[in-house]
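Presented below is the structure to which this report refers.
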6 protein chains.
Amino acid sequence: MEDVDQEKTAEQDNIRVKTNITGLDKLLKGGLIRGRNFLVSGPCGSGKTTLAMQFLFNGVMDDKEPGLYVTLEERKDKIYADMKNFSFDLEEAEKTGIFHLIGGPVAGLSKYMESVDANVVHIMKEIEELVRTKGVKRVVVDSLNLLMFLTKEKHEQRKTIAMFCNALSELGCTVMFISETKEGTMDLSRYGVEEFVMDGVIVLYLVKQESSFVQGIAVRKMRGSDHDRKIRPYKITKKGVVVYPDEMMFSGGM
Amino acid sequence: MEDVDQEKTAEQDNIRVKTNITGLDKLLKGGLIRGRNFLVSGPCGSGKTTLAMQFLFNGVMDDKEPGLYVTLEERKDKIYADMKNFSFDLEEAEKTGIFHLIGGPVAGLSKYMESVDANVVHIMKEIEELVRTKGVKRVVVDSLNLLMFLTKEKHEQRKTIAMFCNALSELGCTVMFISETKEGTMDLSRYGVEEFVMDGVIVLYLVKQESSFVQGIAVRKMRGSDHDRKIRPYKITKKGVVVYPDEMMFSGGM
Amino acid sequence: MEDVDQEKTAEQDNIRVKTNITGLDKLLKGGLIRGRNFLVSGPCGSGKTTLAMQFLFNGVMDDKEPGLYVTLEERKDKIYADMKNFSFDLEEAEKTGIFHLIGGPVAGLSKYMESVDANVVHIMKEIEELVRTKGVKRVVVDSLNLLMFLTKEKHEQRKTIAMFCNALSELGCTVMFISETKEGTMDLSRYGVEEFVMDGVIVLYLVKQESSFVQGIAVRKMRGSDHDRKIRPYKITKKGVVVYPDEMMFSGGM
Amino acid sequence: MEDVDQEKTAEQDNIRVKTNITGLDKLLKGGLIRGRNFLVSGPCGSGKTTLAMQFLFNGVMDDKEPGLYVTLEERKDKIYADMKNFSFDLEEAEKTGIFHLIGGPVAGLSKYMESVDANVVHIMKEIEELVRTKGVKRVVVDSLNLLMFLTKEKHEQRKTIAMFCNALSELGCTVMFISETKEGTMDLSRYGVEEFVMDGVIVLYLVKQESSFVQGIAVRKMRGSDHDRKIRPYKITKKGVVVYPDEMMFSGGM
Amino acid sequence: MEDVDQEKTAEQDNIRVKTNITGLDKLLKGGLIRGRNFLVSGPCGSGKTTLAMQFLFNGVMDDKEPGLYVTLEERKDKIYADMKNFSFDLEEAEKTGIFHLIGGPVAGLSKYMESVDANVVHIMKEIEELVRTKGVKRVVVDSLNLLMFLTKEKHEQRKTIAMFCNALSELGCTVMFISETKEGTMDLSRYGVEEFVMDGVIVLYLVKQESSFVQGIAVRKMRGSDHDRKIRPYKITKKGVVVYPDEMMFSGGM
Amino acid sequence: MEDVDQEKTAEQDNIRVKTNITGLDKLLKGGLIRGRNFLVSGPCGSGKTTLAMQFLFNGVMDDKEPGLYVTLEERKDKIYADMKNFSFDLEEAEKTGIFHLIGGPVAGLSKYMESVDANVVHIMKEIEELVRTKGVKRVVVDSLNLLMFLTKEKHEQRKTIAMFCNALSELGCTVMFISETKEGTMDLSRYGVEEFVMDGVIVLYLVKQESSFVQGIAVRKMRGSDHDRKIRPYKITKKGVVVYPDEMMFSGGM
């Protein structure tokens, strides 16, 4: 253990990173913790990508913090078009050099195949480069599941995540990892191990009730801080995810 | 990231592709989004193929958009005969060059076996060819499950789908992928990963109640757009699938 | 796609094959469709073999249509003895050349082992021969499960079924594939894939209620045709399966 | 298909083999069918071995039919001691040459290990020998599970059972195969395939209700014969299993 | 089959081995049966080891029968210290040569690793030696699970248990095999096969009810003897396990 | 068995190690037992690490017992920062040589990867060294799950844990092993085997009730001692975990 680490620790203690997502910071007792890794998990269509993008975009707009979005499958143009619907002009932000994106396949098939095969080490080097040269402070990895799909051996998966998490927080970044949970479960993650290597876990629930779907959000874990321990309702609006921190997901009996 | 992509994006933004399936476009807040991939999933006998064929046929008849049906198992003659029952004359449409079909086994056994073994890359080349020479705009892939069956290694499956999806939307096509869900579940897909690589998910539910089967349809995800969030009843009529966008699947307690 | 196929299609459209099983044709809106494949699934002791044999025997007696029973495990003498209890004299029918059976083990152990190992291609050749030389129109394959057991690799199974189904309908035969479902489930098939490659699915349900077993039958899928969508009661009588097409399996609440 | 088989069939038709187990023959509408294979399944402690032994011993005592018990694990002396409690003197029966036992380990460890490894073909030869030289008519195989354990490859298991069943009924024997089901389930067998290759299935149920265990027996399948279709109570008495064919397992609501 | 075995059988018939555990012998209708194998299964913390040790210690104290405890993981000093809490002075008993222990790791790590790797054959030789030279009559194997863990191939596991069971009862020993069941289940064993190769099964149940855990014991199987068929409450007291043979585990509705 | 061990046993008997965690020692009837291994299991966010750290820190502060924290994934600086929130100044304790930490990754990626790959034997040597040179008495291993992830072969896992446990208690240490259970279950551990090789098990439960999460703690096993057998409520406060030993987790019906 070198003293260098101890000093960095002292600097990092208790520094909050506000998400500025309506209602969420109240659940987090002030915001995320700088330099830590957070899991954002939820089923299909629950708004994980939107919430994570808000975290990045609000950092850019409110705090002038450079953001980085790492995707392993999505096309850049699709993402930019989708986010415009929430009035997030990522194209504009990218031009000013305060927003960055790694990984979306662009040209042809062969190029795409190559980018999918890019291994974790290669992706980390790209991230490291952007953090050093552009001062990136907030990172979103979308999604953790693909990262684990790329890891063939089951016993290698946790090692891969742990390695990735540590590498990112050593760079001082505050990171959101997106994880897709299985429909109809209350799981925290897909493999049941992701939540244990993270410093915090934010879960989006989607529960079918008769012909409707009820949505709720909860902070299930947050190392080094107290946090709200209820499931709160949220909505996906034109301005993104909006959390109601003083209401309960289920008002009556379930 | 090349500028070419950014321009294409600008053009594609918000363009809606009407399915013209009674009631469905209301759930989709106007229709599908051009150039995107949609999962149409449901259990056996829920009408997935009929719904997807309506999407293609309505494009041909109402919007003069060339359509392409990709099948990996079915015989062309069976499909054409089945669709005639819904008054879709695909044979006629094919003659005018505005409808196309790839893949159904025709002659003998050996030929069939070959066509089943045809790998994904080969199928994509055929599609690419038809899009370029015939101007195909709407594509149906029936079904995603077989595509995944052909992929031996589990960790290769998601990569295969992601690659296939991206290749198709880079060609500018609006695509419906059909996925068969397991009887008696509320699953969104067979492998639990298909829904995450798609831009939208339309689910057909079939719930046994005493001696009857109750049917419902829901849009569970739609990147870059708001959408209806209830389960609505639908029927399979002589004119195909008909959705009731203002009613609820379960009217009473379940 | 060759024109030859298109012509054959024209001929086949909408031709119904009556099962002449009391009550069943009403559920099928007139009968099976010529040249198509149907799954007959159900748990142990639900009468699958009896129902399929009625389909063959009624074809022989009522419509003079040559029938073929393909078995991979059963002894011919056992089957003939069992069917005599339902007054189906298969031995007599076989003598007149209008009924055929492939596959039952006859002589000694070694011979049996050989017949079990007979691969799918070999069986198909035998069927093809009988169809060509004897004009077989109706075929029963008992059972699909063994066929899949013989297929070692999981991803080969669906291919095997698809190949087998297509080969049979190209010969113009109307086929019933028997599938054994797991006790206590409402599954449509054993592997959960068989129903998707078939043109129609007929399910026999057997539900334990206190000290009794309640039986019901439903048509769960029928490509190219409307069909009944309820679960109807049935009985196994001295004359075979009898369906009650106007009653409900569960009369009260369940 | 040779004519020899057809003749044998004629002889075997409808010949009933009475179990003479109190109440059971009523459920079987007269008894088992000669030359057929029956599965006797049930959970731990439900009396499977006792019931099967009654079948053999009653054959010896009431009908002078030579019986054979095939065990792959049990010691002969244990079995004989246990059966004496039900007043079955197998030792005496063995001396008169009308009862036989194959397989129990006798001397030392090495000898035992050998006998466990004895493959199916070897066991069948021993059985064949006893049937030919001693005129054995009734056989019990205890248990089918071990037979399947000895079969390494999953897809080989059904083949093994099918082969074994056919070999035995070709010898004209009426056979009971014992199968152990999993505690707390209503399964018909351990692997879910055994019931499909058998001609009949007799199930022993054991249901926990509060602090007691309720026992019931049902004939769930019987090819070539009608049979009772309810779950009837039974008891294990000093004279073995006693079935109450006119009562119901659950008298009240469950 | 040699006559020697038949004679041994005669001697062993019906000889009861009293456990002298309060209330248990009543459930067993007099005690265990000499020379037989019994499974003692239950979840974590249910008192399996305590019950088995009482069986050994009571044999030593009440009947002067030499006992042997076989452990594959535990340290001797821990076991001795734990048992002192129940006033079982195993150290004292060992000194008088009437109690023996095989297997606890003693010195260093390397030595331990060796003892874990010790194969089943080796352990059996040690037991055989002690039975012959010390006249051991009662044996406890703690636990069966580790034995099965040491067996790599799944289809070898049952063979291993069967072999071990037979070897021990051929030595004339009455044996308790301890098996750990999974929390929250009503399983009889961990692998679902152990109960079938045993002569008797004693189960300890632990059911969570609101904020408490309810305990019950039942004899679920006992070859060659009648036995109690209810679940009876028990407690772990300063004198070990105490069974209440006339009460019911659940007094009210559950 | 050497006499040395017997003597060590005598010394160790009944020596209690107070956790000094409010309320917990009452459940433990005085505290943990010196030289034994305890499992502390619970789902994500239940406070396992906090509870274990209290055990170490209270040992340091109240009893001047040197403590050791073994982590396989976490960064030292993160752990120290998190614990400061509970007023545990581990940095200060480390400087005085009474607190030690093994394993957190420090410098760069390559170094980290190395430390993750460090095998169990290597870790044990480090621990042994610290126990001998620094007199460490209390050890926390966080977490057992990673240890098992590093063990490729399933049948090696239990052996690894057993070996690790024994090695530690031979050194005289009192150890807490942290195990992460799956969300939404009442499991005692992740693999279902960890609890059986431990001397005691402390479980943290987290049950979702409508929009809230209810927390409870229970001692489920404690070899060689009586213990509380209810589930008691607990809270995570500014001073760490606080147990309410006289209340019930669920006050009403559940």
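The values are calculated or read from the model by the stated rules, or taken from the named source; none is laboratory data. Keep in mind that what you see is a predicted model, and the values were worked out from it rather than measured. Cβ placement follows ideal geometry from the backbone for every residue including glycine, while neighbour counts extend to all protein chains displayed. Side chains are part of the model used for accessible areas, which takes the heavy atoms of the whole protein and leaves out ligands, DNA and RNA. Shrake-Rupley method; radii C 1.70, N 1.55, O 1.52, S 1.80 Å.
Scalar couplings 3J(HN,Hα) for the range B:176-190, obtained by applying the Karplus form with A = 6.51, B = -1.76, C = 1.60 to θ = phi - 60°, are 10, 9, 8, 10, 8, 8, 6, 3, x, 10, 10, 4, 8, 6, 7 Hz; x denotes Gly and Pro.
Among the trypsin sites (Lys or Arg not before Pro) in the range F:168-225, those placed in a DSSP loop whose Cβ has at most 15 other Cβ atoms within 10 Å are F:K182. Neighbouring Cβ atoms from other chains, within 10 Å of the Cβ of residues in B:227-239, number 2 on average. Rounded to the nearest 0.05, what FRET efficiency is calculated for E:K134 and D:N14 with R0 set to 60 Å and r the Cβ-Cβ distance? The formula returns an efficiency of 0.45 here. Proximity of backbone amide H atoms, modeled 1.01 Å from N, is registered between F:V17 and F:L32, F:I33, F:R34 at under 5 Å, excluding neighbours fewer than 5 places apart on the same chain. Taken residue by residue and averaged, Cβ atoms of other chains lying within 10 Å of the Cβ of B:217-223 number 4. Here the 3J(HN,Hα) profile of the range D:65-73, calculated from phi with Karplus coefficients 6.51, -1.76 and 1.60 at θ = phi - 60°, is 8, x, x, 9, 10, 10, 10, 10, 10 Hz, Gly and Pro shown as x. Derived scalar couplings between HN and Hα for the range D:160-174 equal 4, 4, 4, 4, 5, 4, 5, 4, 5, 6, 5, 7, x, 7, 9 Hz in order, rounded to whole Hz, by the Karplus curve 6.51 cos²θ - 1.76 cosθ + 1.60 (θ = phi - 60°), x for Gly and Pro.
Fully extending the segment from B:D226 to B:T96, taken as 0.36 nm per residue of separation minus the present Cα-Cα distance, adds 43.1 nm. In the assembly of identical copies, B:D226 has its label point, taken 7 Å from Cα in the direction of the beta carbon, separated from the corresponding points by 3.8, 3.8, 6.6, 6.6, 7.6 nm (ascending, one decimal).
Summary for F:K26: label point 7 Å along Cα→Cβ; distances to the equivalent points in the other copies, ascending, 3.6, 3.6, 6.2, 6.2, 7.2 nm.
Length gained on full extension, B:M186 to B:H122, computed as 0.36 nm times the residue gap minus the Cα-Cα distance: 19.7 nm. For the segment F:75-88, counting C-beta atoms of other chains within 10 Å of every residue's C-beta and taking the mean gives 6. Ordered from highest to lowest accessible area with the whole protein assembly present and a 1.4 Å probe, C:E129, D:E65 read as C:E129, D:E65. In the range F:19-68, the C-alpha radius of gyration followed by the widest Cα-Cα span (Dmax) gives 11.1, 31 angstrom. Counting every alpha-carbon pair across the range C:176-254, the share separated by more than 14 Å comes to 66%.
Starting from the label point of F:D246 at 7 Å along Cα→Cβ, the same points in the other copies fall at 3.7, 3.7, 6.4, 6.4, 7.4 nm, in ascending order.
When only DSSP loop residues count, what chymotrypsin sites (Phe, Trp or Tyr not before Pro) in the range B:178-216 have their Cβ near at most 12 other Cβ atoms within 10 Å? Listed in order of number, the matching sites amount to none.
Each part reduced to its alpha carbon centroid, the range C:49-102 and the range D:154-225 end up 26 Å apart.
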